[in-house]
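Quick note: the coordinates plus some simple rules give every number you see, no bench work behind them. As the structure is a prediction and not an experimental result, all values here were calculated from the model. No Cβ is skipped: glycine too gets one built from the backbone with ideal geometry, and neighbour counts run over all protein chains shown.
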Amino acid sequence: MYSDIVIDHFSNPRNVGFIEDADGVGEVGNPVCGDLIKIFIRVNNSHIEDARFQTFGCGAAVASASMLTEMAKGRSIEEARLITNQDVADALGGLPPAKMHCSNIAADALQGAIADYEGNSKTANREPLIRKPADKRKE
């Protein structure tokens, strides 16, 4: 059973989308279940000013990424580096054991975005998972 917090973050996810020209991008997937989370961060004065996510995954993956972005915003890079998968799960009011990997990939994606920001990632794919198609209507 999911907590009310998980259900809220799945039903009303915060910070969905991508940041154009993000300062850091991290992407982590789980090949067993197929979940994929991509985190985009904007950094100002060594603090995460904005964090966005895109995901292909289950409700727990959406909720974990949503909560993670809320937790990361406003924190210094050093503070954000300390966010663990257990911190994400605890903030969500817990996750079923079979869904703990969702908080793992969210926290790992943030660590990847921080590494990318610091120039320590050679494999960061900076492209969003999905771009909203341009509006083709004529004005």
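Note on the chain: helix-only mean residue ellipticity at 222 nm, from DSSP H runs of 4+ residues weighted -39500 (n - 2.57) and normalised by residue number, equals -11000 deg cm²/dmol. The alpha carbon centroids of the range 1-40 and the range 56-123 are separated by 8 Å. In a simple Cβ point-charge model (Lys, Arg +1; Asp, Glu -1; nothing else charged), the range 4-117 has a dipole of about 160 debye relative to its Cα centre. Distance between the modelled labels on Asn125 and Arg81, one decimal in nanometres: 2.7 nm (7 Å Cα→Cβ projection). For a paramagnetic label modelled at 7 Å from the Cα of Met1 toward its Cβ, which residues of the range 83-121 fall within the zone defined by backbone nitrogen distances under 15 Å? Flagged as within label range: 93-97.
Pairwise Cα distances in the chain exceed 23 Å in 29 percent of cases. Run the paramagnetic zone check for Val32: 7 angstrom along Cα to Cβ, then residues of the range 82-119 with backbone nitrogen under 13 Å. Counting only backbone N, you get 97-105. The mean sequence distance of close C-alpha pairs (under 8 Å, at least 6 residues apart), as a share of the length of the chain, puts its relative contact order at 31 percent.
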